[in-house]
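A quick write-up on the structure given underneath.
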Amino acid sequence: MSTAETTFQYDSGPPVESGRLATWLFLAAESLFFGGLLSAWFVLRAQAQDSWSEGLHPSLGVGIVMTLLLVGASVAGHGAVAARARGASGTRRLLLAAVLVAVFLGTQALEYRHLHHEGVSPATSLRWGTFYALTLAHGFHVLIGLLWLLWLVITGAGRADVAHGRGALEYGVLYLHFVDAVWFVLLGLLYVLR
């Protein structure tokens, strides 16, 4: 009796960089986190019915300005990646992205201040509690993105003459695109849908 050996041969394609894989896995986990928060928002809104839309609403104009700031930061970040790929420096674009993200966070703080002066806090109602929970969670992630951008600038990852940093630059900008996508969902639910 002979034993037959079976060998499977396959081509899995080019290897995936560990940093890229880790970034995508991290973004998948973050998607689940925000998915849970948004699911809670939908359930609470469905239970609140008509009382949800009573009273003061977040300013759509402020929401649009904040959206433009994040989109501008994403475009600048993407420009930094493209510049680096061409062999040029993307540091100025990274700085622009960081400034736009910082202005976004400042605008969010001013919005909270305005709401506080109007007598709105997380304890005002279920609607406002979920508004603050979602926007603060997103704001914290935007702050992480800002710190990442600043780290990229400090380490010179956007400079064409620096041998390291290309991956970190791409992953940081990918993260920035992710927080943009989350913001578009929040804009639609919290600022447009009333």
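Things worth noting here:
- Estimated FRET transfer efficiency (Ala46, Val16; beta-carbon r; R0 35 Å; 0.05): 0.30
- Label-to-label distance, nm, for residues given as Arg194 and Val99 (7 Å Cα→Cβ offset): 3.5 nm
- The share of accessible area on the chain that comes from carbon and sulfur is 67 percent, using a 1.4 angstrom probe.
- The chain: angle of helix 166-186 to the longest principal axis, Cα-based, in degrees nearest 10: 30 degrees
- In this calculation the C-beta distance from His117 to Glu30 is compared with R0 = 30 Å, giving a FRET efficiency of 0.40.
- Plainly put, the range 57-194 has a radius of gyration that is 1.06 times its Kirkwood radius, both from alpha-carbon atoms, as the Rg/Rh ratio.
- Rounded to the nearest 10 Å², the accessible area of Tyr175 at probe 1.4 Å: 0 Å²
- Computed from the C-beta positions of Arg86 and Trp151 and an R0 of 25 Å, the FRET efficiency is 0.65 to the nearest 0.05.
- Along the chain, the longest continuous region that contains none of the GluC sites (Glu not before Pro) in a DSSP loop with at most 15 other C-beta atoms within 10 Å is 119-194.
- 1.4 Å probe accessible area per residue over the chain, in Å²: 57 Å²
The values are calculated or read from the model by the stated rules, or taken from the named source; none is laboratory data. Treat the numbers as computed from the prediction; the structure is a model and nothing was measured. Positions of Cβ are backbone-derived with ideal geometry, glycine not excepted, and every protein chain shown enters the neighbour counts. Each accessible area value is taken on the protein alone, full model and side chains, heavy atoms only, with ligands, DNA and RNA left out. Shrake-Rupley method; radii C 1.70, N 1.55, O 1.52, S 1.80 Å.
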